[in-house]
Structure formats: structure tokens, C-alpha cells
1. I'd like the residue in the stretch 198-233 that is closer than 18 Å to Tyr25 by Cβ and of a type in the set (Gly, Ala, Ser) and, out of all such residues, is farthest from the chain's Cα centre (by Cα).
2. Any idea which of Gln217, Gln252 is of a type in the set (S, T, N, Q) and closer than 26 Å to Lys32 by Cβ?
3. Being part of a loop (DSSP other than H, G, I, E, B) and closer than 19 Å to Asn61 by Cβ is the filter here; which residues of the stretch 217-258 pass it?
4. Only one of these conditions is not met by Ile161: (1) in a loop (DSSP other than H, G, I, E, B); (2) in contact (Cβ under 8 Å) with a residue 60 or more places away in the chain. Which number is it?
5. Being touching a helix residue (DSSP H, G or I) at 6+ places or on another chain (Cβ under 9 Å) and closer than 24 Å to Ser50 by Cβ: is that true of Pro263 here?
6. Looking at the stretch 89-113 only, could you name the residues that are among the charged types (D, E, K, R), surrounded by 14 or more Cβ atoms within 10 Å (Cβ to Cβ) and more than 26 Å from Ile265 (Cβ to Cβ)?
7. Please verify whether Ser166 is hydroxyl-bearing (Ser, Thr, Tyr), surrounded by 15 or more Cβ atoms within 10 Å (Cβ to Cβ) and under 27 Å from Ile34 (Cα atoms), treating the condition exactly as stated.
8. Looking for whichever is part of a loop (DSSP other than H, G, I, E, B) and under 19 Å from the mean Cα position of the chain (by Cα) here; the options are Phe128, Phe111. Which one fits?
Amino acid sequence: MIMLKFCFPMYSVMLIDAHAHLDRYLFKRFGKDIAPILKQIEEYEILTISNSMDLTSYKINRVISRKSEYIVPAFGIHPRNAYRYVDKIDLAQRLIRESKIIGEIGLDHSFVKDKSRYSSQKKVFELFLSETKNKVISVHTKGAERDVLDLLRTYGNNRVIIHWYSGSLDVLEEMTKENYYFSISPEVKFSEHIKKIVKGIPLYQILTETDNPGGPQSYMGKKGMPILVRDVVEEIAKVKEKSLVEIEEIVQENFARLVESDPSIHALVMAVGN
């Protein structure tokens, strides 16, 4: 049993941050100090999937993961970087096969304004989908939700986390019927649209994320810290009219189910709170 800070109740449960970018804490604008981040992850027992944007970030995430058993590095090529890797397919294939979890991958037709790069996004995304039928993948969908759904259906990937979904409710409904999971970001505290999205996701498909450190900065004005995932849990609990403990347990159970065929990760998830 542990006593959590900020007057949280006394009990032990594993928090799940299904989408963060720990390598970016080493960027100058985020302070270039990973030590307090690791300390908080350990103190609050936050299983953290550290997603990568490219090969370099994956290498850094692997090094960081050696500092804590709670950190799992994920290899991915963010859609905004896809054009740099369209001619490096062999290298990407090797790293896809090596990584237990894949992320961040997908399509972006919102933040990426240069439409000439959309074909590279699709080619790289399709490579990942073809190589990850039985792997957990964390998928970026901004502005391309329908296209992402069509490709996921085409390739038949069945262990999908939709990262920070913010699209239409009709596409959301179709995605929930495909039994995808959805990692809810801290934006749920500030956006009525995200609250509606949370209402539309069945409890057994909900996960939590922070997208730390940069994701929350646009609306918080500062880098996100690992314990920010507790704020996400609290807001989901309000929207779903459940207790804080219930949502934490549900998220832990959901993630355990998702990684059940990955023995080392599943064992870690189940080691806390049981």
C-alpha cells in the first residue's frame, strides 16, 4: 500500500499513461532533466508507454526505459516525419519487428499542411499496419479520422489504441464498433467536445494518456508531468459518473487485456493492485 499525495486515497493501483514522449523531456525547452520525471513515474507507479517520433527518438526512449521498469519504449514514425523514411523501409521493418509496442504512427491532415506529403504518410502508415497485425499500435488520426479507419479495416489490425481522438462522433461510433481502445488526453478537462467523445466510448475501451511533455503545453502553458494522468482519470470519472478508484481499476484492466499476449508487459501491469 502507498500513500498518494494531494490527499488521494490509500490504495495501490497501477496508473496507465498509454501515450507519452519521454525523450522530449531532454529538449532544452522542457528543461533537459529526466530525473524528476523518472522519480514521479516510480513514486506513483505509472506504467508509461514512451512513443517515438522517428529513429532518433526511439533510440533515446530505449535508453530511458532502462532506468525504470515502468517505462516501455515504442517504435514509431510520426506522420509529420514520414516523408523522411519513405525510402528507408528495410530499416523501419527491422525496428517494427523488434519493438513490443508500436507508436506513434498514423496520418495527419490537420497539423501537416503540405498535402504533397500525404502520400508518404500513407505509404509509411501502411508499412506499419502490414507488419503489426498482432501488435499494440498507438495511432494518430488528426484531420484524417475516416482515412485512418478505412486503412485499419483494410489491414485488419486488432490491437489498436486511438491516441487523443478529437474527430467526429460518427467516425468515433464506427471505431468503437471495431473494438479499438481510446487513450484520453488531459484535454478532457478543457474541451466539451472531448467530454462528448468520452461519453461515447464504452468503459471497457477507455485508456488514459498525457502526451507529455509537449501535448498539454498548448493549453496549460507548461510542460506536462507524469502525475497529470491522475487529472485525466478524475475527469473521466466525472464524465462517466464513476468513482476515481473505479476508473483507475477499469483502465488498468483494459490495458492488461490489451497486452495479454505480451507476457513481460502484462506481468508488470498485473503486479500492482493485485
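1. Gly221
2. Matching residue, one of Gln217, Gln252: Gln217.
3. Residues satisfying the conditions are Lys223, Gly224, Met225, Pro226.
4. Just one mismatch for Ile161, condition (1).
5. Criteria not met by Pro263.
6. Selection gives Asp108 alone.
7. Numbers: hydroxyl-bearing (Ser, Thr, Tyr): yes; surrounded by 15 or more Cβ atoms within 10 Å (Cβ to Cβ): yes; under 27 Å from Ile34 (Cα atoms): no.
Criteria not met by Ser166.
8. Going through Phe128, Phe111 in turn, just one is part of a loop (DSSP other than H, G, I, E, B) and under 19 Å from the mean Cα position of the chain (by Cα): Phe111.
Quick note: the coordinates plus some simple rules give every number you see, no bench work behind them. Remember, it's a predicted structure, so these values are computed and weren't measured experimentally. Every residue, glycine among them, receives a Cβ derived from its backbone with ideal geometry; neighbour counts consider all protein chains shown.
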